[in-house]
Amino acid sequence: IGLVLAVLGIASTSLIRVPTGAVIFVAMVSATVASALYRGVEDYNFLATMVCVIYALVLIGITINSHLDFLRRSRAEIEVQRQSEVVKLLLNDFERDAQDWLWEADGQGRLTYFSPRFAEVLKETPEHLLSRPLRNIFADHAVNEEWRKLDHAMADEEIISNLDLSLRIADKAVVWQITARPLRDGRGKFQGYRGVSRDVTAAHEAKSR
């Protein structure tokens, strides 16, 4: 009998997503066991039957409560996914219309994310840029040693604020402005950088006139 009741508990738990089926299953099996106990246990038939009935009610309560908890978690997961999709759409809209471009690098300075525009202005394919160290990318296009300021700041895990870099891209001289902040986990361990870049060539040319 104990084995039957144990199996009944396990079976009801596995039917959490189908509470109606779990309740019917528990009720039917419990009624069968209670009936058998009532007829088979002469001295304690009433007590044995009541124990079985109480056990069944507890199982039903646990099943219903677990199902409600499952529904709450499911709704929370759906809401998180919906918000994630909204943020993704907003980010895509921003990246499509903005003149700035976003990027993210890991603790070794390798690109882990960047706006499509980043590859576009560099005249590079996304596949060629992904996972490449940012220092190498800027070194390839630098016209002087200014890029080393970015390299040193990232090595020291410093905040990078409005750092202008002179570059040559497709035989055209440009000036990019870099702003970035270090990323850290919950324990404060350095994880990399998240930054934004923009082309400020026109502003520099206006100042030099």
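The values are calculated or read from the model by the stated rules, or taken from the named source; none is laboratory data. Given the structure is predicted, the values throughout are model-derived calculations rather than measurements. Here the Cβ positions follow ideal geometry from the backbone for every residue, glycine too, while neighbour counts run over all protein chains shown. Heavy atoms of the whole protein, side chains included, go into the accessibility calculation; ligands, DNA and RNA do not. Shrake-Rupley method; radii C 1.70, N 1.55, O 1.52, S 1.80 Å.
Of all residues in the stretch 191-209, count the ones that are under 19 Å from the mean Cα position of the chain (by Cα) and either in a loop (DSSP other than H, G, I, E, B) or of a type outside the set (Lys, Arg) (or both).
Of all residues in the stretch 191-209, those under 19 Å from the mean Cα position of the chain (by Cα) come to 191-194.
Pick out the ones that are also either in a loop (DSSP other than H, G, I, E, B) or of a type outside the set (Lys, Arg) (or both) and you get 191-193.
Final tally of qualifying residues: 3.
Take Ala153 and tell me if it is modelled with pLDDT under 85 and more than 14 Å from Asp100 (Cα to Cα). Break it down stepwise before answering.
Numbers: modelled with pLDDT under 85: no; more than 14 Å from Asp100 (Cα to Cα): yes.
The answer is no for Ala153.
Just to be sure I understand the filter: pairs with C-beta atoms under 7 Å, separated by 6 or more residues or on different chains, first member in the stretch 150-173 and part of a strand (DSSP E or B), second member open to solvent by 90 Å² or more (accessible area, probe 1.4 Å). Which pairs pass? Correct list of pairs: Leu163/Lys149; Ile169/Lys123. Contact map, the stretch 123-140: residues that are closer than 11 Å to Leu111 by Cβ paired with residues that are of a type in the set (Lys, Arg) and open to solvent by 50 Å² or more (accessible area, probe 1.4 Å), Cβ distance under 8 Å, separation 6+ or inter-chain. Pairs shown: Ser131/Arg110; Arg132/Arg110; Pro133/Arg110; Leu134/Arg110. When the stretch 140-179 is filtered for residues that are closer than 15 Å to Lys123 by Cα, open to solvent by 40 Å² or more (accessible area, probe 1.4 Å) and of a type in the set (A, V, I, L, M, F, W, C), the ones remaining, listed by number, are Ala170, Ala173.
Picking from residues in the stretch 111-138 that are surrounded by 14 or more Cβ atoms within 10 Å (Cβ to Cβ) and small (Gly, Ala, Ser), the one that is farthest from the chain's Cα centre (by Cα) is Ala119. Among the criteria (1) over 21 Å from Arg181 (Cβ atoms); (2) at pLDDT 85 or above; (3) touching a Pro at 6+ places or on another chain (Cβ under 9 Å), the one Leu122 does not fulfil is (3).
Could you check, for the stretch 180-194, whether at least one of its residues is surrounded by 14 or more Cβ atoms within 10 Å (Cβ to Cβ), among the small types (Gly, Ala, Ser) and farther than 17 Å from Glu205 by Cα? Yes: the stretch 180-194 contains one or more residues that are surrounded by 14 or more Cβ atoms within 10 Å (Cβ to Cβ), among the small types (Gly, Ala, Ser) and farther than 17 Å from Glu205 by Cα.
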